[in-house]
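Asks: What follows is a single structure, and I will ask about it in a moment.
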Amino acid sequence: MTKPRIAIVGMAIESSAYAAHRAGYRDFPVLTGEALIRRYAFLSDGAPLAEAAEWIPVFMARAIPGGAVLREVYDDFKERIVSGLRGAGPVDGVYFDIHGAMSVVGLDDAEGDLVTAVRSVVGPDAIITAPMDLHGNMSETLALALDLPTCYRLAPHEDAWETKERAAHRLVEWIRRGEKPLTAWVRVPILLPGEKTSTRVEPARSLYAQLDEVEQREGVSDLGLWIGYAWADEPRCHATVMVTGDDEAVIVAEAERIAGEVWDARDDFAFVGPPGSLDDAVANALAHDGARPYLISDSGDNPGAGGSGDVTWTLERLLADPRLTGDDAPVTYAASIFDAGAVEQLFAHAVGDAVDVTAGARVDHRVAGPVRIRGELLSLHSGDPAAGRIAVIRVGGIRAIVTEFRKAFHDVADFHAIGLDPTEADIVVTKIGYLEPTLYDVAQGWTLALTPGPVDQDLERLGHSRIGRPMYPYDQFETRPDLSAAVLRGREYVRGFAGAHEGSATR
Ligand SMILES: [Zn+2]
């Protein structure tokens, strides 16, 4: 048979509807042509998957998490995807590379809207796969448009590329079979932050670990457990289990079993790290004796989950703490806030100068205003691909990091790049939730500080109003929810739609 033709399209961001940040062109590096193919190591020259199909790179835009996407940017990218697909001619499959928790200003269910546009070009017979983040949300529209949905099985997402490669394999396999898989689909009315569902700890560890085994079962092709994304306020926000394959009885049984286990474990989900207030975190860090550094997650403005990245609430408190600002205070890295104007001012100085600058909260000032930083300019750095220019200011023991543009300091390499070594700090405060691998490895103590901000871990403080109800943990459940599976093949319901949790999207 001739090689299947597979188009690659996508738009990926995780966006908090509670962030003042708006994602625009600068946030979205765009890949097309050969550069898009090179994004996927499994499509490199000579790789079996590269040979198995004709991969047609159309358009991919991917941003680090942030706030909602500007409508005109989304509309432009969608148009480029649609016109690119038209130009590509008939395809057998689409590799739809999305995250699943994109918010767009003035639009509900952004991925549902985008996949509808894709489907309208490629027609009903093309097989569409979507390797998603497990923090994505599955709407009915998206579920009906995808043939091969799947998602990561680890949080942090150390299996991201493995998942993307698996999705590519399954897509080629099903195109070669010349038929569409069946999907068993269960909605689970539960909405939790990622910091309570990390696979580093139970119960998520076991719930997710079993998926690899289930995938090996006869009749199962792939499966995913989307724990969902809590920092948006749409009917599609909830957990989802989907199992694809060709044996209806098996995929239904597995989907319902896994959904039931998630539900039964609902009271066991707890923060992955020891949580506390910022005051608790600083007290713990100061009292910590032994190896350094002590890590403090400033979780409320974690850009990795959709925080704006310029919330000053935490830095303001650190700078006001005499235990941290004395000349012999412990060395405390404070990462980071962005403020292009403040960086402009700082770059007018020489390293070593005394500086006095007001920074941050230009975008997101809902929990704190701009913060005044008076200290010694420790260093200046240019050319960071995300952050642009960076200045580090010493205030007693504190090393306050101010960037020109939004950046997450989630890797020890981010600190090394500006001459800071986390293993030489006493305390590292950074805008993060659960610790990403390299910081996790160096941390000798840790508090997950439950700070306020756009990705507040205290979900009830955010006040959702549009999610389906009842929803755990917001509501009391008198009886167990209906966790029976619907079965889809392509856009058709093979077996009745069971759960009406999504309200506005009921059939
Ligand atoms: Zn995620």
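The values are calculated or read from the model by the stated rules, or taken from the named source; none is laboratory data. Predicted, not measured: the structure shown is a model, and the values here were computed from it. We place every Cβ from the backbone using ideal geometry, glycine too, and count neighbours over all the protein chains shown. For accessibility, only protein heavy atoms count, side chains too; no ligands or nucleic acids. Shrake-Rupley method; radii C 1.70, N 1.55, O 1.52, S 1.80 Å.
Asks: Over the stretch 212-367, give the accessible area per residue in Å² for a 1.4 Å probe, as an integer.
Replies: Spelled out: the 1.4 Å probe surface of the stretch 212-367, per residue, equals 36 Å².
Asks: At a probe radius of 1.4 Å, what is the per-residue accessible area of Asp279, in Å² to the nearest 10?
Replies: Roll a 1.4 Å probe over it and Asp279 shows about 120 Å².
Asks: Calculated FRET efficiency, Ser382 and Arg26, Cβ-Cβ r, R0 30 Å, to nearest 0.05?
Replies: The computed FRET efficiency comes out at 0.95.
Asks: Long-range amide H contacts for Ala23: which residues qualify at under 5 Å (H placed 1.01 Å from N, peptide plane, sequence gap of 5 or more or a different chain)?
Replies: Here the answer is Gly67, Ala68, Val69, Leu70, since their amide H atoms fall under 5 Å of that of Ala23.
Asks: Applying the Karplus parametrisation 6.51 cos²θ - 1.76 cosθ + 1.60 with θ = phi - 60° to the phi angles of the stretch 239-253, what ³J(HN,Hα) value in whole Hz is obtained for each residue in order, glycine and proline being reported as x?
Replies: Using θ = phi - 60°, the values come out as 7, 9, 10, 9, 10, 9, x, 10, 10, 4, 4, 5, 5, 5, 4 Hz.
Asks: Next up: Using θ = phi - 60° and the Karplus relation 6.51 cos²θ - 1.76 cosθ + 1.60, list the HN-Hα couplings for the stretch 307-315 in order, rounded to whole Hz, with x at every Gly or Pro.
Replies: Per residue, the Karplus-derived 3J(HN,Hα) values read x, 6, x, 10, 6, 9, 3, 6, 4 Hz.
Asks: Further question: Show that you can apply the helix-only estimate: for the chain, add -39,500 (n - 2.57) for every DSSP H stretch of four or more residues, divide by all residues, and state [θ] at 222 nm to the nearest 500.
Replies: -7500 deg cm²/dmol
Asks: For Thr438 and Arg480, what does the FRET efficiency come to when R0 = 56 Å and r is the distance between their Cβ atoms, rounded to the nearest 0.05?
Replies: 0.85
Asks: I want to check the label-to-label distance for Thr116 and His349. Put each point 7 Å from Cα in the C-beta direction and report it in nm to one decimal.
Replies: 5.2
Asks: Would you kindly work out the equivalent ellipsoid of the chain from its C-alpha gyration tensor and give its semi-axes, the square roots of five times the eigenvalues, largest first in whole Å?
Replies: Largest first, the chain gives 41, 26, 20 Å.
Asks: Name the long-range amide H neighbours of Val331: under 5 Å, sequence gap of 5 or more, or other chain; modelled H, no Pro or chain starts.
Replies: Answer set, sorted by chain and number: Asp426, Ile427.
Asks: So what's the gap between the Cα centers of the stretch 1-58 and the stretch 253-270, to the nearest angstrom?
Replies: Spelled out, the Cα-based centre of one part sits 33 Å from the other.
Asks: Need one number: the % of Cα-Cα pairs in the stretch 275-456 sitting beyond the 19 Å mark.
Replies: So the pairs more than 19 Å apart make up 51 percent of the total in the stretch 275-456.
Asks: OK, next. Using modelled backbone amide H atoms (1.01 Å from N, in-plane), which distant-in-sequence or interchain residues come within less than 5 Å of His238's amide H?
Replies: Amide H neighbours of His238: Met138, Tyr229.
Asks: Could you go through the stretch 34-50 in sequence order and give the Karplus-derived ³J(HN,Hα) for each residue, using 6.51 cos²θ - 1.76 cosθ + 1.60 with θ = phi - 60°, rounded to whole Hz, and x for Gly and Pro?
Replies: In residue order, the calculated couplings are 4, 4, 6, 4, 5, 4, 10, 4, 6, 10, 5, 3, x, 5, x, 5, 4 Hz.
Asks: Tally the DSSP beta bridges in the chain and give the antiparallel ones as a percent, rounded to 5.
Replies: Restricted to the chain, the bridges split so that about 45 percent are antiparallel.
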